[in-house]
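To start, the structure itself, in structure tokens.
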Amino acid sequence: MLKKLKPGKISIVVCLTVLIWVWADLAQDDRLPLSDVRIRVAKSADPSLWVNFIVEGADPNLQTTVALDTVVLKGPAARISEVKGRKNRGALDLNLFLVPEQEGLASAETHTVNVLDFLRKSDVFRNLGLTVESCQPQRITVQTQKLVEQDVAVECVGIEQGQVATLNPSSVTAYVPKGKTLRAKIMLTPEEQNVAKIAPVEKNPYVELTSALDQRREVATKVKVSLAPAQNVLTDRLVSASYGFCLSENLQGVYRVTLDKDTDKTKLLAIKVRATEEAFAAYQKAPMQIVLYIKDEDAHRTQWPAEGEFVFAFPLDYVRRGDIEANQAPPKVKFMLEPIILSPTPEPELYPSDLGRDEL
């Protein structure tokens, strides 16, 4: 006769069975597709070595980083679950580094790299306890070039327009592509620019091998940068103008100025100048921007219309400093002086009370 099982033993058996099934399930292989794996070219100990991935359709097509379309990892479901959790928390670094010397890419030529072999050798995936099952693309093209050492001129960029930078030394030795004329650049922050106006700022320049930001190579030689105060820079400006006439005291109240009926007044209302921002603002606030001066002898003309030329009414202080100047010929017009006919003043009427006794 079978002995009756105790409830405690039944519970233990059930728990062990569940654990066995869970362990068996987690021990099965699972897969994790990744789409954010990147391979970067590691910095070489040889400064003359310039290694890039050739990325079709990119601008520029020489890149130091290539993004893989997909990488599929394979391993126990438990490890896959753990790695997936790290990825969701942003704690999974999938940036891999390609060391040219280790991969046999130091010779100046175009190479083909087997991506799957490279990924499977990577410590990043080995340390995860997973294997790389597949990837796309399967191969990438790598170009290796040898840079040449030569002197290049140094320039300061990003400073205020019109500001003069003094560089010491004015040229440095850098590694650049053979046959290319490049310049070494120094970029000063706003704080550094303020310091450079008082005392020289020492900084390393850089050379841009291509337009990509990650293609900047810093030059070992430090350069001292001094900035002179910004010079006044004149820029082309269009002034919304008003015009007026200036008559001597002899002509005021006697004549009025009338422009010829064929005058194109739009040319008088928009004036082209070259000025600094400050001088432009002051000129705009002036009562009149252009003035036509009428001479006394104009009143004695026998033939009309007369011809005259407007004068730019620039603020004198800004003219003396060279902060403003005309950017067009003075407008010319035809005009006439028309006499102002005043109505005669009527004589007051006299009443008997206003008359003297002798006049009665």
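Here is how the numbers come out for the structure above:
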item	result
Odd one out for ALA199 among (1) assigned to a strand (DSSP E or B); (2) within 16 Å of LYS224 (Cα to Cα); (3) small (Gly, Ala, Ser)	(1)
Members of region 88-103 found to be surrounded by 15 or more Cβ atoms within 10 Å (Cβ to Cβ) and not acidic (Asp, Glu), listed by number	LEU92, LEU94, LEU96, LEU98, PRO100
Qualifying position, being surrounded by 17 or more Cβ atoms within 10 Å (Cβ to Cβ) and at pLDDT below 95, among ALA313, ALA279	ALA279
Among the residues listed as LEU292, LEU342, the single one being free of Cβ contacts under 8 Å to residues at least 60 places away in the same chain and either part of a strand (DSSP E or B) or surrounded by 14 or more Cβ atoms within 10 Å (Cβ to Cβ) (or both)	LEU292
Restricting region 154-169 to residues that are farther than 21 Å from THR276 by Cα and open to solvent by less than 60 Å² (accessible area, probe 1.4 Å), the residue that is farthest from the chain's Cα centre (by Cα)	PRO169
Index of the failed condition, THR112 passing every other in (1) assigned to a loop (DSSP other than H, G, I, E, B); (2) farther than 30 Å from ASP30 by Cβ	(1)
When residues of region 7-51 are limited to those that are modelled with pLDDT under 60 and charged (D, E, K, R), the one surrounded by the fewest Cβ atoms within 10 Å (Cβ to Cβ)	LYS9
Test: residue in region 203-219 that is assigned to a loop (DSSP other than H, G, I, E, B) and free of Cβ contacts under 8 Å to residues at least 12 places away in the same chain	no
Answer from VAL225, VAL172, VAL239 - the residue that is within 23 Å of SER44 (Cβ to Cβ), open to solvent by less than 50 Å² (accessible area, probe 1.4 Å), of a type in the set (A, V, I, L, M, F, W, C) and not in a loop (DSSP other than H, G, I, E, B)	VAL172
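The values are calculated or read from the model by the stated rules, or taken from the named source; none is laboratory data. The structure displayed is predicted, hence computed values, not measured ones. Heads up, the Cβs are rebuilt from the backbone with ideal geometry, glycines too, and the neighbour counts pull from every protein chain shown. Surface areas here come from the heavy atoms of the whole protein model, side chains and all, with no ligands, DNA or RNA. Shrake-Rupley method; radii C 1.70, N 1.55, O 1.52, S 1.80 Å.
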